[in-house]
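K.L.:
Below you'll find the structure I mean.
Values quoted throughout were computed directly from the atomic coordinates according to the rules given, and no laboratory measurement underlies them. Since this is a predicted model, take the numbers as computed values, not measurements. Cβ placement follows ideal geometry from the backbone for every residue including glycine, while neighbour counts extend to all protein chains displayed.
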Amino acid sequence: KLFVLFMESGDSECAPVVARWLADPENPQLLAALTAASPLPASQLSRLPVRALPLLAGVPLRFCDPPPAVRSALLLLGASHCLSPPPLVEELLWRERCPVVMRIVGQRVAIALPARPEQWATLALPVYHRWAAGILAEALDIDASAVVQVNSVLINWLLQLQQAARPACLYLHGASPAIKVQLRQLRIDQLLSVL
């Protein structure tokens, strides 16, 4: 895949380093070059490859003023130390109170839904779907095995997450037969794969 990063005109010397790293984030030499150029202006950075985020653990790299989707992704997927300016108290609370458990598995994001609908109320906050627009991932795998019923908040979140994650695919795993029937009745199975 070709990753394109538009940097502000005054930061054109950083653009080639960032573009090379985005194309090959596992390359330690490129990450070292990127770190040497840090802090990096990132206001025009549209998406980060999800496979790159775990590699940023402990790396003194800073992305300055990334767009809201990229900032949300860095915050919720464990790379908040790369944010410049640092996370606000409110943003740290979003991460702390995130109603789903997310982890990166290769080029995918695994998401575990909580069982009780009252835990889903915060899913209505934009940050909990906006992050998916800040990453490039092969797929988002949503574990619905604990879910016993669906409500409008969950359905809305699934729809917004699916839209934000494009072109990544969404897969809903482990749903009970009753939940699958509900999702089919709402035609959600036409927008994401219910397995």
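K.L.:
Report Rg (one decimal) and Dmax (nearest whole number) for the stretch 26-141, counting Cα atoms only, units Å.
P.N.:
Answer for the stretch 26-141, Rg first and Dmax second: 14.2, 46 Å.
K.L.:
Give the longest segment of the chain that steers clear of trypsin sites (Lys or Arg not before Pro) in DSSP loops with at most 14 neighbouring Cβ atoms within 10 Å, not counting the sites themselves.
P.N.:
The segment 2-96 is the longest one with no such site.
K.L.:
On to the next question. Based on the Cβ-Cβ distance of Asp65 and Leu191, what FRET efficiency does E = 1/(1 + (r/R0)^6) give at R0 = 41 Å, to the nearest 0.05?
P.N.:
Efficiency computed from Cβ-Cβ geometry: 0.80.
K.L.:
If each of Thr35 and Ala23 carries a label point 7 Å out from its Cα toward its Cβ, how far apart are those two points in nm?
P.N.:
Roughly 2.3 nm, to one decimal.
K.L.:
I've got another one for you. Hey, how many Å between the Cα centroid of the stretch 95-110 and the Cα centroid of the stretch 116-186?
P.N.:
Spelled out, the Cα-based centre of one part sits 12 Å from the other.
K.L.:
Another question, if that's okay. Taking the C-alpha atoms of the stretch 147-195, how large are the radius of gyration and the largest Cα-Cα span, Dmax, in Å?
P.N.:
When restricted to Cα atoms, the stretch 147-195 yields Rg and Dmax of 10.2, 29 Å.
K.L.:
No solvent, one uniform scatterer per C-alpha: report log10 I(q)/I(0) for the chain via the Debye equation at q = 0.12 1/Å, two decimals.
P.N.:
Result of the Debye calculation: -0.60.
K.L.:
Just to be sure I understand: of the beta bridges DSSP finds with both ends in the chain, what percent are antiparallel, rounded to 5?
P.N.:
Of the beta bridges lying entirely in the chain, close to 20 percent run antiparallel.
K.L.:
A further question on this structure: Run the dipole for the chain about the Cα centre, Lys and Arg Cβ at +1, Asp and Glu Cβ at -1, nothing else charged, and hand back the magnitude in debye, nearest 20.
P.N.:
Dipole of the chain, to the nearest 20 debye: 500 debye.
K.L.:
Taking +1 at the Cβ of each Lys and Arg and -1 at the Cβ of each Asp and Glu, which of Leu158, Met102, Tyr128 sits farthest along the dipole of the chain towards its positive end, judged by Cα position relative to the Cα centre?
P.N.:
Leu158
K.L.:
Something else now. Between beta-carbons, use under 15 Å as the cut-off and find the net charge around Val150, counting Lys and Arg +1, Asp and Glu -1.
P.N.:
So the environment of Val150 carries a net charge of +1.
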